[in-house]
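Colleague: Have a look at this one before I ask anything.
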Amino acid sequence: MNEKIEIKEERISAKEYIDFLKRTDLGSQYPKERFEERIERLVKNASISLAARNEKGEIVGVLFGLTDFAYWLYVTDLGVDRSYEGQGIGRRLMKTAHEKAGGEKDIAVYLIANDNAIAFYEKIGMTKADDVMQYNHIEWTGFTVE
């Protein structure tokens, strides 16, 4: 594919995001409990909300992140439509989010990587951290958005 992909900061709807999840590997990272209600909150409240769209205006990549715009950016979601993988869209989304949060001289980036995505994150210069703590007591019934 040699399409022009445009990345911009925008709020997408929960419906758009759920449709997008069906075309990515992100569709299995959420618990089934109150899925649609929680996705609605996600798309409304992320500090950084980026969408990559093809020439037809279809979403082919998404990045959501939480940041204080001073020190930290936590990437909650980064995904690319399976048919658009390998075109540098994920790398561009990460670079754009890092810049919007404040740039690499001020902002440390953290995320939880899906096992299948570790190679991608290592390729763009990220390393595994051993200083991250968690507190997680939520109900979690796995499922895949289809």
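Colleague: Based on this model, can you work out whether GLU40 counts as more than 29 Å from GLU3 (Cβ to Cβ) and either touching a His at 6+ places or on another chain (Cβ under 6 Å) or without any contact (Cβ under 8 Å) to a residue 40 or more places away in the chain (or both)?
Modeller: yes
Colleague: Quick one: would you say TYR30 is out of contact with any Pro (no Cβ under 8 Å at 6 or more places or on another chain), surrounded by fewer than 18 Cβ atoms within 10 Å (Cβ to Cβ) and closer than 24 Å to ASN136 by Cβ?
Modeller: So TYR30 fails the test.
Colleague: One residue is enough: does segment 101-111 have a residue meeting the conditions more than 23 Å from ILE138 (Cα to Cα), among the β-branched types (Val, Ile, Thr) and free of Cβ contacts under 8 Å to residues at least 12 places away in the same chain?
Modeller: no
Colleague: I've got another one for you. Consider segment 114-142. How many of its residues are at pLDDT below 90 and within 18 Å of the chain's Cα centre (by Cα)?
Modeller: Here the count works out to 3.
Colleague: Would you point out the residue of segment 47-58, among those that are farther than 19 Å from TYR121 by Cβ and not small (Gly, Ala, Ser), that is surrounded by the fewest Cβ atoms within 10 Å (Cβ to Cβ)?
Modeller: Ranking the candidates gives LYS56 first.
Colleague: Please work out which residue is nearest to TYR17 (Cα to Cα), limiting yourself to segment 59-87 and to residues that are surrounded by fewer than 14 Cβ atoms within 10 Å (Cβ to Cβ) and not aliphatic (A, V, I, L, M).
Modeller: Ranking the qualifying residues of segment 59-87, first place goes to ARG82.
Colleague: Those residues that are surrounded by 12 or more Cβ atoms within 10 Å (Cβ to Cβ) and at positive phi, I need them from segment 97-110; list them, please.
Modeller: GLY102
Colleague: Is there any pair linking a residue in segment 63-91 that is at positive phi to one that is in a loop (DSSP other than H, G, I, E, B), with Cβ under 9 Å and at least six apart or on different chains, and which?
Modeller: Sorted first by the residue in segment 63-91, then by its partner, the pairs are PHE69/SER47; PHE69/GLY102; PHE69/ASP106; PHE69/ILE107; GLY88/ILE5.
The values are calculated or read from the model by the stated rules, or taken from the named source; none is laboratory data. Keep in mind the model is a prediction, meaning the values are calculated, not measured. With ideal geometry, Cβ positions are generated from the backbone for all residues, glycine too; neighbour counts draw on all protein chains shown.
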